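For reference, the structure is listed below as structure tokens.
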Protein chains: 2
Amino acid sequence: MWYYVDPHSGIPIYVQLKEQIKKAVATGLLAEGQQMPSVRELALQLTINPNTVAKVYQELEREGVLQTARGLGSFVAKRRKDFGPQQESSLDNALEKLMVEAYQLSVDADTLYARFTEKLAAWKDRLKKGAEGQ
Amino acid sequence: MWYYVDPHSGIPIYVQLKEQIKKAVATGLLAEGQQMPSVRELALQLTINPNTVAKVYQELEREGVLQTARGLGSFVAKRRKDFGPQQESSLDNALEKLMVEAYQLSVDADTLYARFTEKLAAWKDRLKKGAEGQ
DNA sequence: AAACGTGTATTAGTTATATAGTACAATATG
DNA sequence: CATATTGTACTATATAACTAATACACGTTT
């Protein structure tokens, strides 16, 4: 499990770390209930400030990705199961964004469809393996 | 054609405007060769600073979305046609990002597929109409 | 040449980001 | 109860990002 951040990338450190953790959770690399390294430990590993890690954990808790408690630690939360209008709308935006980006990359609709289905298949595999691991 | 920015949204104004313009170009709402409003004019309309608009135009030029010249103005560039390893990699990242987001939204693979194909169909329609318009 | 409309550069002020250091609060363990 | 470990809160400081105001440079048109 190794996170990597680059202070000179232009992207805020806390954003980089946050996205990596979200990705690790989404791919099953981090299982539900699994304990995260402590704020101080992770800060030491990445040579960044504990406050920065704390900020990441706090935001991830607000987003429902982690569950955290003083004296105990931070843990990967159980995946939310509700899919309502809020989620529907967010998904719509994400898809719209993808199409815009594909256009700029001069990807035609057929190629986009092909790459998407490939990626989706790989994704399902990874999720399946993650679920079996538990 | 009307852009809208919210200075209090937490998202930088120039990012908001940039994304809206990219989206307008990608949907054919802004046609190739079409002249953009001047830096000052757009700044006036949005009640923001001309420099902010200028920054957007500059970045969009670097990305190949606009073409700009002093004394003349800014214009929608012709769409890039090359799809190389660079673009392939960017597309891969974009798809990965979509999957991660879908996971957090508790969207299952089937629903994601369904919404994607719907959106792609709508997209093709818009592109077709945009091309006919020229 | 003059005037006008374009994008651009310079400077300044405000806000966000990151770090550091210290202290505090809650839980587990001896 | 004492101690260690966890996350949290607070203050202070430095740097970078963002926006704004003003002046400048390029090109067109009269």
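Work out how much length A:Tyr4 to A:Leu44 would gain on full extension: take 0.36 nm times their residue separation and subtract the Cα-Cα distance, in nm to one decimal.
13.2 nm
How many Lys pairs in the range A:1-115 lie less than 22 angstrom apart by Cα atoms, where the lysines are 8 or more positions apart or on different chains?
So the count works out to 13.
Let me know the mean shielding of B:84-97 by other chains, meaning the per-residue number of their Cβ atoms within 10 Å of its Cβ.
Neighbouring Cβ atoms belonging to other protein chains average 5 per residue here.
Out of all Cα-Cα pairs in the protein assembly as shown, roughly what percent, to the nearest whole number, are more than 29 Å apart?
Working: 15581 of 35778 pairs.
Beyond 29 Å sits 44 percent of the P(r) for the protein assembly as shown.
How big, in percent, is the set of alpha carbon pairs in chain B lying more than 18 Å apart?
For chain B, the share of Cα pairs beyond 18 Å comes to 65 percent.
Which one, B:Pro50, B:Ala94, B:Ala121, is farthest towards the positive end of the dipole of chain B when Lys and Arg carry +1 and Asp and Glu -1 on their Cβ?
Most positive-ward Cα: B:Pro50.
Under a point-charge model restricted to the Cβ atoms of Lys and Arg (+1) and Asp and Glu (-1), what is the dipole moment magnitude of the protein assembly as shown relative to its Cα centre, in debye to the nearest 20?
Numbers: 36 positive and 34 negative charges, 44 e Å.
Once rounded to the nearest 20, the dipole reads 220 debye.
Give me the net charge of B:Leu91's neighbourhood, meaning all other residues with Cβ under 10 Å from the Cβ of B:Leu91; Lys, Arg count +1, Asp, Glu -1.
Details: positive: A:Arg115, A:Lys119; negative: A:Glu101, B:Glu88, B:Asp92, B:Glu96.
It works out to a net charge of -2.
By how many degrees, between 0 and 90 and to the nearest 10, does the Cα long axis of helix B:85-104 differ from the longest principal axis of chain B?
With both axes taken from Cα atoms, the answer is about 60 degrees.
Would you list A:Arg79, A:Arg62, B:Arg70 from the most to the least accessible area, probe 1.4 Å? If you can, show how the numbers build up before the last one.
Numbers: A:Arg79 65, A:Arg62 180, B:Arg70 240 Å².
Output order, biggest surface exposure first: B:Arg70, A:Arg62, A:Arg79.
Take the range B:85-133, compute every pairwise Cα distance, and split them into 5 Å bins from 0; I just need the percent in each bin.
Answer for the range B:85-133: a P(r) of 4, 18, 17, 19, 21, 14, 6, 2 percent.
Between the helical axis of B:50-62 and the dominant principal axis of chain B, each derived from Cα atoms, what acute angle in degrees is found, rounded to the nearest 10?
60
Other chains near B:107-119: what is the mean number of their Cβ atoms within 10 Å of each residue's Cβ?
4
Between A:Ala121 and A:Gln34, what length in nm is gained on full extension when 0.36 nm per residue of separation is reduced by their alpha carbon distance?
So the chain would gain 28.8 nm between A:Ala121 and A:Gln34.
Angle check, please: helix B:109-133 long axis (alpha carbons) against the longest principal axis of chain B (alpha carbons), in degrees 0 to 90, nearest 10.
It works out to around 40 degrees.
Quick one: length gained pulling B:Asp92 to B:Leu72 fully straight, 0.36 nm per residue minus the C-alpha distance?
Details: separation 20, 0.36 × 20 = 7.20 nm, distance 3.74 nm.
Additional length available on full extension: 3.5 nm.
Please give the solvent-accessible surface of B:Asp82 in Å², to the nearest 10, using a probe radius of 1.4 Å with every protein chain present.
Result for B:Asp82: roughly 80 Å² accessible.
Return the whole-Å distance between the Cα centroid of the range B:44-69 and the Cα centroid of the range A:76-99.
31
Tabulate in residue order the Karplus-calculated ³J(HN,Hα) for the range B:69-80, using 6.51 cos²θ - 1.76 cosθ + 1.60 with θ = phi - 60°, rounded to whole Hz; enter x for Gly and Pro.
With coefficients 6.51, -1.76 and 1.60, one gets 8, 4, x, 9, x, 10, 9, 5, 6, 6, 5, 4 Hz.
The values are calculated or read from the model by the stated rules, or taken from the named source; none is laboratory data. In this text, all values refer to a predicted model and were calculated from it rather than measured experimentally. Counting neighbours? That spans all protein chains shown, and the Cβs are built from the backbone with ideal geometry, glycine included. We work out accessible area using only protein heavy atoms, side chains counted, and drop any ligands, DNA or RNA first. Shrake-Rupley method; radii C 1.70, N 1.55, O 1.52, S 1.80 Å.
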